[in-house]
Amino acid sequence: MDTVPFGKPRAERADAVRNRELLLETARAMIAEHGAEKVTMDGLAERAGLGKGTVFRRFGSRAGIFKALLDADEHRFQEQVLGGPPPLGPGADPVDRLVAYGRARIAFLVDHHAIARAALERGGPVPTGEPTVTQLHIRMLLGRAQVRMPELTALSIQLTAALEGPLLLYLTMPESDAPPAAEVDRFLGDSWQALIERIAR
């Protein structure tokens, strides 16, 4: 039987919040300097000036570091979608927003491909953000664009698969076989725009 906890969840201690932010900032710096593959639990702890036990308590594993980075950047991306400048944010024509969202989402996923690879847990799913959020956003914009097709919810699910699916394949390809990120960004972005413009006619 499910139980409901009494009271509010205990707030995270201020020093724990500071340590988390320090570790994420340090991890970003290490990735920028040396690449994701060079980031280790020991190296992160040493660079941040914290104990290795602190890093394990915060993230659990090396993959957990990269999952936390993805989560933080995903949150910032969604803030831009909900309140940033148009056409990605509110205020633009819904078709233009659909095109802008797809292009921005592709750019986000391609830009984070090394972090997403490093966030893979053995036997676990590919961590690429929140496809459910993408589907809900696409469904809302299809409605506002008054797209004349039946079952807009089903269409939004298919469009989400079209947007997120190729990136799943890209992330799971051997790095030696993967095309350059800029090329993936361009051809997937162009294909997304052509698809949306055809649907919206």
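The numbers here are math on the coordinates, done by the rules we state, and not lab data. In this text, all values refer to a predicted model and were calculated from it rather than measured experimentally. In this analysis, Cβ positions are derived from the backbone assuming ideal geometry, glycine residues included, and neighbour counts consider all displayed protein chains.
Suppose R0 equals 35 Å. What FRET efficiency, 1/(1 + (r/R0)^6) with r the Cβ-Cβ distance, do residue 120 and residue 194 give to the nearest 0.05?
Efficiency at R0 = 35 Å is approximately 0.65.
Label points 7 Å out from Cα along the Cβ direction at residue 25 and residue 149: separation in nm?
Result for the modelled spin labels: 4.5 nm.
Ranked highest first by average number of other Cβ atoms within 10 Å, how do 104-113, 29-38 line up?
104-113, 29-38
Can you work out the Karplus-derived ³J(HN,Hα) for every residue in the range 13-27? Use 6.51 cos²θ - 1.76 cosθ + 1.60 with θ = phi - 60°, whole Hz, and x for glycine or proline.
5, 4, 5, 5, 4, 4, 4, 4, 5, 4, 5, 5, 5, 5, 4
Around residue 194, under 14 Å between beta carbons, what's the net of Lys plus Arg minus Asp minus Glu among the other residues?
That works out to +2.
Students often check this: by mean Cβ neighbours within 10 Å, which of 15-21, 138-144, 75-81 ranks highest, and how do the rest follow?
Averaged packing, sorted descending, gives the order 138-144, 75-81, 15-21.
What full-extension length gain, to one decimal in nm, is calculated for residue 187 and residue 13 as 0.36 nm per residue of separation minus the Cα-Cα distance? Mind showing how you got there, number by number?
Details: separation 174, 0.36 × 174 = 62.64 nm, distance 4.55 nm.
The residue 187-residue 13 span can extend by a further 58.1 nm.
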